[in-house]
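Down below is the structure, laid out as structure tokens.
Computed from the coordinates by the stated procedures, all read-outs in this text should not be read as laboratory data. This structure is a prediction, so every number in the text was calculated from the model and none was measured. For neighbour counting, all protein chains shown are included, and Cβ atoms are generated from backbone atoms with ideal geometry for every residue, glycine included.
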Amino acid sequence: MDFSRKISQSFVTQVTPARMFKALILDSQNICPKLMFSSIKSIELIEGDGGVGTIKLINFFEGSSLKYMKQRIDMIDKEKFICKYSVIEGDVVMDRLELITYEVKFEGYGHGGCVCKISSEFKPKEGTQITEVDIELGKDRAIGMYEVVEAYLLAHPHAYT
């Protein structure tokens, strides 16, 4: 029996797809620790150059529910603003999950804005289950991060152009 859970969420922003993609996907190792300084200590490229196969190590501050997480980029399309990546290692999360995959798309919307579409799949290890609380917590964190980056890009209209 497969207990995988797939969720989709979207976030509408007043920022163009290109700027959101550049900030959140192509330059996350620089912008996220800067803007999320109370939770993300650092993001390091430990393998690769940002393309397919790149592995990022995300270090969180002490007191966070996570200490670290490793993500691998599985697919990236810079023209269509799409990225697929997997969480391949992490302290608290990976004791219950076998695999977490994400697909992020930025599509044009309105006059210069975009819709950020995030699809996630969580596959628990045998004998464990994923609760609604786990899913909601993950969704809230993702949207919170996107909102912080959106606010920064709106306040700095020449950043990531």
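Please report the orientation-averaged projected area of the range 5-155, defined via the convex hull of its C-alpha atoms, in nm².
Numbers: hull surface 34.8 nm².
Seen from a random direction, the Cα hull of the range 5-155 projects 8.7 nm² on average.
Hey, with R₀ at 45 Å, roughly what FRET efficiency would Arg141 and His111 work out to, going by the Cβ-Cβ distance, to 0.05? Efficiency, rounded to the nearest 0.05: 0.95. Computed 3J(HN,Hα) for the range 99-106, one whole-Hz value per residue from the Karplus formula 6.51 cos²θ - 1.76 cosθ + 1.60 where θ = phi - 60°, is 7, 10, 10, 10, 10, 10, 10, 10, glycine and proline marked x.
Relative to its Kirkwood radius, the Cα radius of gyration of the range 1-76 gives an Rg/Rh of 1.01.
Within the shell defined by Cβ-Cβ distances under 9 Å, the residues around Lys70 carry a net charge of +1, with Lys and Arg each +1 and Asp and Glu each -1.
With the simple model of a label 7 Å out from the Cα in the direction of the Cβ, Ser65 to Lys6 spans 2.4 nm.
Explain nothing, just the number: dipole magnitude of the chain about its Cα centre with +1 on each Lys and Arg Cβ and -1 on each Asp and Glu Cβ, in debye rounded to the nearest 20. Write out the running numbers ahead of the final one.
Numbers: 20 positive and 23 negative charges, 63 e Å.
In total the dipole reaches around 300 debye.
Straight Cα distances below 30 angstrom link Lys125 to the lysines Lys6, Lys41, Lys56, Lys67, Lys70, Lys84, Lys105, Lys117, Lys139, with same-chain residues fewer than 8 positions distant left out. Selection among Thr13, His158, Val148 by position relative to the dipole of the chain gives His158 as farthest towards the positive end (Cβ unit charges, Cα centre). For the options Gly110, Gly53, Gly127, a Gaussian network treatment of the chain with springs between C-alpha atoms closer than 10 Å singles out Gly127 as fluctuating the most. Here each label is just a point 7 Å from Cα along the line to Cβ, and for Gln129 and Ser86 those points are 2.6 nm apart.
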